[in-house]
Amino acid sequence: MLRHCLKGSTIRDYEEIVSAQQNDMNLPLPVLDWITNYDRNWLRGDVVAGITLAAYLLPAGLGDASLANLPPQAGLYACLFAGLIFWLFCSSRYTSITVTSAISLLVGSSLGEIGGGDTTRFSALAAGTALLVALIAFSAWLVKAGSIVNFISESVMVGFKCGVALFLASTQFPKLLGIHGAHGNFWENTTYCLKHLHETNLTSLTIGSAALAVLVLGKIFLKNKPVALLVVVGGILASGLLGLDARGVKLLGEVPQGLPAIGLPAIHWADANKLVPLAFACFLLGAVETAAIGRTFAAKHGGRLDANQEFLALAASNLAAGLGRGFPVSGGMSQSLVNEGGGARTPLSGAIAAGFMLIVVLFFSHLLRSLPQPVLAAVVLVAVAGLFKVSTLKQLWRSDRPEFVVAMAAIVGVLGQGLLRGVMIAAIISLVLLIRRASRPHVAVLGRIPGTQRFSDRERNPENEMIPGVLIFRPESGLVYFNMDHVRDTILDRVRAEAVPPKLVVLDLSAAPLVDMHSAHMLASLAEELTADGGRFQAVEARSSVRERLRSEGVDARLGGIDRFTSVADALKAFQSQKLTARAEIV
């Protein structure tokens, strides 16, 4: 069937075909099918995108390896081996796997403490971390935990990335100035840099500033072009022509040529136990970032992102990176945008990029030794500048102050407590925010829509008519033990605020998908309190599962009787009929 569908198809159909194949055959990805039926018209776009992406990944790999306090080849190995595998499993045709600034900095800031300061063990520990990330991601795929990425709110991620950007700047400015940088948190690094400004190497500052200027101009006028690669090549040429080493400019140093020995890193079980929190933090960042990238492209081009499938792709690529002496990887937003802008048609562009990187590693890596560190620092600074989203912070300040406070708390957590604790703080803030929102659901006071027998939230529609002697409430959430107190207090406060106590209180349960045992009995207690002075309480429009729960707890009669027929309008009609009957009897 797939072959028939692909024959003569366009790229518009690609993600729909992938999605259909996943649903029909329950396979991770029909990679063999789309390779077999690959449209030759797609190849040119994939090749061009692959070359462009490789040109972007090379300097990014070198820069992020320095952030991780690892030798430069570790970044190249991570991008190479992960890129050779990721395209086989990913569900998004544009997402590019790579080392990222946030994860690299997280690894670099954590390995020193875990490794006890022994830098010779850093590479093995970093590779071991990648393998643990692969194990966590694979476990998440097995249990279909794709929804886990939704537990980190966007405001927390904005704050975390801003904090990472500031921390990164504090580590890279000393290199740009040619002074020996400090190793500590943001405040320590910044203080050290300011105190040692007089040690600035003018040659380093000049070449670093020139590289920075070219990169910034490239961002403005040559978007999604391999400007970083041109800067790297220009830096290498300038190093040889101007003798920068003799002028006190620190160079990248020797980069081994050829592939590393493939296999498990030399770490012990005790090391693995210490690496678990770091690996979980890397997985969390990678999962959120990769899913965000996939959602972005799905919204832009159509199709559907399978978050569980991305877990499998992360597991496979991190396994490859760990066995290949790299360090943890994830989807990279800027790299993925370059891939899309380069004309990628299918995930094959990622494999083509990895192939070009393989050629560099096998034959040309020795040329990188003359790359000036200030140039590499400029590449990193421009790459991470996109993490600091001032416009988003301003938008949060204007539109949602609580979310702005959450973002600022994440920034302070990263700057004050370090990257690893910052990730944990961000995760805790997200969960606290989620619990807080779930514990304080909106309880709408309903009014009748003029000219109808329908009712809606009067707060949003002030023109809705209030019924004399009647209050109608609709809790817009499931009723469970941790939010029922808020619902109960909201209803009681509104009832007590009335000058004349209402004769009828109607509880519309149509928006409550569930009611637990605790809440069922609290509803009964609420009904008794509201009817103590002779008023009536009526629950209506409960779903079948809610009706069964209320009946099993034996409280349905105390709520005015529960059935599937009575609506808000019916309850009002019955109440008004009783009032008329009572008046007639009095007369």
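The values are calculated or read from the model by the stated rules, or taken from the named source; none is laboratory data. Nothing here was measured: the structure is a model prediction, and the numbers come from that model. Cβ sites come from the backbone with ideal geometry, for glycine too, and all protein chains shown count toward neighbours.
Residue by residue, here is whether (1) surrounded by fewer than 18 Cβ atoms within 10 Å (Cβ to Cβ); (2) over 21 Å from Asp457 (Cα atoms) holds:
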| site | (1), (2) |
| --- | --- |
| Ser510 | yes, no |
| Val515 | no, yes |
| Ala524 | no, yes |
| Arg549 | no, yes |
| Ala569 | yes, no |
| Ser577 | yes, yes |
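Just checking, which of Glu465, Glu476, Glu403, Glu459 is touching a Gly at 6+ places or on another chain (Cβ under 6 Å) and either on the phi < 0 side of the Ramachandran plot or at pLDDT 80 or above (or both)?
Exactly one of Glu465, Glu476, Glu403, Glu459 is touching a Gly at 6+ places or on another chain (Cβ under 6 Å) and either on the phi < 0 side of the Ramachandran plot or at pLDDT 80 or above (or both), namely Glu465.
Any residue in the range 432-456 that is assigned by TED's automatic domain parsing to the domain that holds Phe473 sitting within a Cβ distance under 7 Å of a residue that is surrounded by fewer than 16 Cβ atoms within 10 Å (Cβ to Cβ) and among the aliphatic types (A, V, I, L, M)? List the pairs, counting only those 6 or more apart or interchain.
Gly447/Met466; Gln453/Ala569; Phe455/Ile449; Ser456/Ile449
Hey, could you check the range 97-116 for residues that are part of a loop (DSSP other than H, G, I, E, B) and closer than 19 Å to Leu319 by Cα and say which is modelled with the lowest pLDDT?
Thr100
State yes or no: is Ser239 hydroxyl-bearing (Ser, Thr, Tyr), in contact with an Asp or Glu (Cβ under 8 Å, 6 or more places away or on another chain) and surrounded by 15 or more Cβ atoms within 10 Å (Cβ to Cβ)?
Against the criterion (hydroxyl-bearing (Ser, Thr, Tyr), in contact with an Asp or Glu (Cβ under 8 Å, 6 or more places away or on another chain) and surrounded by 15 or more Cβ atoms within 10 Å (Cβ to Cβ)), Ser239 qualifies.
Which of (1) at pLDDT below 85; (2) within 17 Å of Phe311 (Cβ to Cβ); (3) crowded, with 24+ Cβ neighbours inside 10 Å; (4) out of contact with any strand residue (DSSP E or B) (no Cβ under 9 Å at 6 or more places or on another chain) is the odd one out, the single condition Tyr94 does not satisfy?
Condition (2) is where Tyr94 drops out.
Looking only at residues in the range 322-334 that are of a type outside the set (Ser, Thr, Tyr) and out of contact with any helix residue (DSSP H, G or I) (no Cβ under 6 Å at 6 or more places or on another chain), which one is nearest to Ala292 (Cα to Cα)?
Gly332
Limited to the range 220-249, what total is found for residues that are in contact with a Gly (Cβ under 9 Å, 6 or more places away or on another chain) and farther than 24 Å from Gly326 by Cβ?
Qualifying residue count, the range 220-249: 8.
Any residue at all in the range 345-352 that is assigned to a helix (DSSP H, G or I), in contact with a Lys or Arg (Cβ under 6 Å, 6 or more places away or on another chain) and polar (S, T, N, Q)?
Checked against the condition, which is being assigned to a helix (DSSP H, G or I), in contact with a Lys or Arg (Cβ under 6 Å, 6 or more places away or on another chain) and polar (S, T, N, Q), the range 345-352 yields no hits at all.
For the range 407-418, which positions are at pLDDT below 80 and within 18 Å of Lys389 (Cβ to Cβ)?
Val414 - this is the single residue of the range 407-418 that is at pLDDT below 80 and within 18 Å of Lys389 (Cβ to Cβ).
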